[in-house]
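Notes follow once the structure below has been shown.
The values are calculated or read from the model by the stated rules, or taken from the named source; none is laboratory data. Keep in mind the model is a prediction, meaning the values are calculated, not measured. Using ideal geometry, Cβ is built from the backbone for each residue, glycine included, and neighbour counts are taken over all protein chains shown.
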């Protein structure tokens, strides 16, 4: 038996590839089920399923409807954080979202991508950290390896390719610093999410 590049595989390699393929199929099925769960208009029911799937979700945090995930077991969310509608959260590597974080609708956070300079287009993965009190505006994209410092703000539609320092406001494609946030007032609680979202 040969792989997709034409390399002859040993018996051990065939077994390893078969096991990996089976695990991927099971994960894809789980992700599909979670996508269906995301259509249930109840925070309590959705959160229960997400926790069963391996997402660590802190007290008072919620994920609004229509969320999508890549491997939920790598995702950790702190307390009092609100994750908006239609987000994509990538857990193929560690994705740590802090407390009091507000992530708006349709945000995409990736921690794996392809190396476009590589001859075999291999995947490259890095952890992503979203620190406490961060706000990410609608339709922003956070790429692998990025750390958003405490109180950072990402403007709507921004594409973040590198770390953002504490209390820094970034926007644009690629995201660049456009201002600073007042750090003295970062002691808020986001509170209750909208009931049927």
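Evaluating residue 76 against the criteria (1) in a helix (DSSP H, G or I); (2) under 18 Å from the mean Cα position of the chain (by Cα) leaves one unmet condition, (1). As a summary of the residue check, residue 155 satisfies the conditions (1) touching a strand residue (DSSP E or B) at 6+ places or on another chain (Cβ under 7 Å); (2) over 22 Å from residue 79 (Cα atoms); (3) surrounded by fewer than 18 Cβ atoms within 10 Å (Cβ to Cβ) except for the one numbered (3). Take residue 177 and decide whether it is part of a loop (DSSP other than H, G, I, E, B) and either surrounded by 13 or more Cβ atoms within 10 Å (Cβ to Cβ) or at pLDDT 95 or above (or both). So residue 177 fails the test.
Residue 49 meets the conditions (1) over 14 Å from residue 69 (Cα atoms); (2) part of a helix (DSSP H, G or I); (3) in contact with a helix residue (DSSP H, G or I) (Cβ under 6 Å, 6 or more places away or on another chain) in every case but one. The failed one is (1). Exactly one residue among 179, 183 is touching a strand residue (DSSP E or B) at 6+ places or on another chain (Cβ under 8 Å) and more than 25 Å from residue 71 (Cα to Cα), and that residue is 179.
Looking at (1) at pLDDT below 95; (2) out of contact with any strand residue (DSSP E or B) (no Cβ under 6 Å at 6 or more places or on another chain); (3) within 26 Å of residue 57 (Cβ to Cβ), can you tell me which one residue 116 breaks? Going through (1) at pLDDT below 95; (2) out of contact with any strand residue (DSSP E or B) (no Cβ under 6 Å at 6 or more places or on another chain); (3) within 26 Å of residue 57 (Cβ to Cβ) one by one, residue 116 breaks only (3).
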